[in-house]
1. In which sequence would 239, 72 go, from the one with the fewest C-beta neighbours within 10 Å to the one with the most?
2. Between residue 218 and residue 257, with labels modelled 7 Å along Cα→Cβ, what's the label distance in nm to one decimal, could you check?
3. Stick to the Cα atoms of region 34-168, pair each with every other, and give me the Kirkwood hydrodynamic radius in Å at one decimal.
4. With all pairs of different alpha carbon atoms counted, what Kirkwood hydrodynamic radius in Å does region 107-249 show?
5. Could you work out how far apart the two model spin labels at residue 91 and residue 51 are, taking each label as a point 7 Å from the Cα in the direction of the beta carbon, and quote it in nm?
6. Could you grab the relative contact order for region 34-168? Cα pairs under 8 Å, six or more apart, rounded to a whole percent.
7. If r is the Cβ-Cβ distance from residue 158 to residue 110 and R0 is 22 Å, what FRET efficiency results, to the nearest 0.05?
8. If I model a spin label as a point 7 Å beyond the Cα along the Cα-Cβ vector, how far apart are those points for residue 225 and residue 203 in nm?
């Protein structure tokens, strides 16, 4: 039993160190805002393709339809603002998507993208994906040349999470954990409750696991010293309790989501207010404002 406990403690230490190291590596990755990622991407493409190239932003894989629509719309605007491309409007793309049941919220396969590009009569199709990676997101863009079938995969850009991304992904009241965090929680909970407390800040789940684990271990240890009449019962009871803790650990660590309301913070510098006369007379004006957040 002592050897088993020592092995569990050693494994826990290794997992905790590995999780800490992974955090440190991710902190070294440079991130930008989502708008910066979009504008930088369109700037790179404007240098690679000739002026007047016709282009269509076909689809963007993301965690929600709202996020996909936002990425497509913003990339269309960014391409138009470069003044280098002939950009396909969003309306024809939506009509085509409805007519062909083509999902605009998934990254398009190259062959399918070329076929749609020929229907739209454009030179270049843009598709890509917006994927969660640890505490930020990876923005990938693929450019498919319709006539030559050449494919250009741009270097992925890492985007810092913010309130707007949370809202577009439907996470306004939920804070999701990554797969790596969930896996780390499961393994750290081999020492019952440690992962739930340390990674997920899940007091309820951690307390239940700590209680089950402590009771199971106590029964196992007591069974080692018990008389023949109690030995088998205590050992069996301890194994059952620790099995329940393991099952609860896997279920809770895989499904738990902490609820954290997202509060939008408005930058006063992004609030533009203009006044215009609304008619003759004293004090009759109309106020127009644009607010970005």
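1. On the way: 239 14, 72 24.
Ranked by crowding around the Cβ, least crowded first: 239, 72.
2. Placing both labels 7 Å along Cα→Cβ, they lie 3.6 nm apart.
3. Final number for the Kirkwood radius of region 34-168 is 14.8 Å.
4. It is 19.6 Å.
5. Spacing of the two 7 Å Cα→Cβ label points: 2.8 nm.
6. Over region 34-168, the number comes to 26 percent.
7. Working: r = 24 Å, r/R0 = 1.09.
Plugging the Cβ-Cβ distance into 1/(1 + (r/R0)^6) gives 0.35.
8. Reported label-point gap for residue 225 and residue 203 is 3.4 nm.
Every number in this text was worked out from the coordinates using simple rules, so none of it is lab data. None of the values given here were measured: they were computed from a predicted structure. All Cβ positions, glycine included, derive from the backbone under ideal geometry; neighbour counts span all protein chains shown.
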